[in-house]
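The values are calculated or read from the model by the stated rules, or taken from the named source; none is laboratory data. Computed from a predicted structure; not experimentally measured. All Cβ positions, glycine included, derive from the backbone under ideal geometry; neighbour counts span all protein chains shown.
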Amino acid sequence: MILVRNVFRLKFGKSREAVALMKEGIAIQKKLASGISPRLLTDLSGDFYTLVLELTVPSLATLEATQTQIMSDKDWQAHYQKFVPLVESGHREIYTIIE
């Protein structure tokens, strides 16, 4: 199993709006692709205004196929254009789940 953490540093004061949009995005992802298990996290400590979208997928191949499918969807593209202005920066972490 693979764990993907998409970590977003949000613009000041944009957490509530970003969380609402990310929930919509997760709904779109679930509709388009099976085999992924998403989870949304917000900061309690560390950098302020951090939003994390965790995805658990069976393999890197599944991740690649799923991302291609999602990124080419018109609903996802429209959603993504609303989310981008709320983000200051971000990065992705990919881990192998051992246990």
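Identification of helices (runs of 4 or more DSSP H) wholly contained in the stretch 13-99 with 3 or more residues that are touching a strand residue (DSSP E or B) at 6+ places or on another chain (Cβ under 7 Å) and surrounded by 11 or more Cβ atoms within 10 Å (Cβ to Cβ) yields 15-32, 60-71.
Of the numbered criteria (1) within 14 Å of VAL19 (Cα to Cα); (2) of a type outside the set (D, E, K, R); (3) within 12 Å of the chain's Cα centre (by Cα), the one GLY90 fails is (1). Tell me which of these MET1 doesn't satisfy, since it passes every other one: (1) free of Cβ contacts under 8 Å to residues at least 24 places away in the same chain; (2) loosely packed, with under 15 Cβ neighbours inside 10 Å. All conditions pass for MET1, except number (1). With respect to the stated conditions, THR96 fails to be more than 19 Å from THR42 (Cβ to Cβ), at pLDDT below 95 and polar (S, T, N, Q).
Taken as a whole, the structure leaves ARG39 outside the set of residues that are closer than 24 Å to THR96 by Cα, in contact with a Phe, Trp or Tyr (Cβ under 8 Å, 6 or more places away or on another chain) and of a type outside the set (A, V, I, L, M). If only residues of the stretch 63-84 that are more than 13 Å from the chain's Cα centre (by Cα) and aliphatic (A, V, I, L, M) are counted, the one that is farthest from LEU51 (Cα to Cα) is ALA65.
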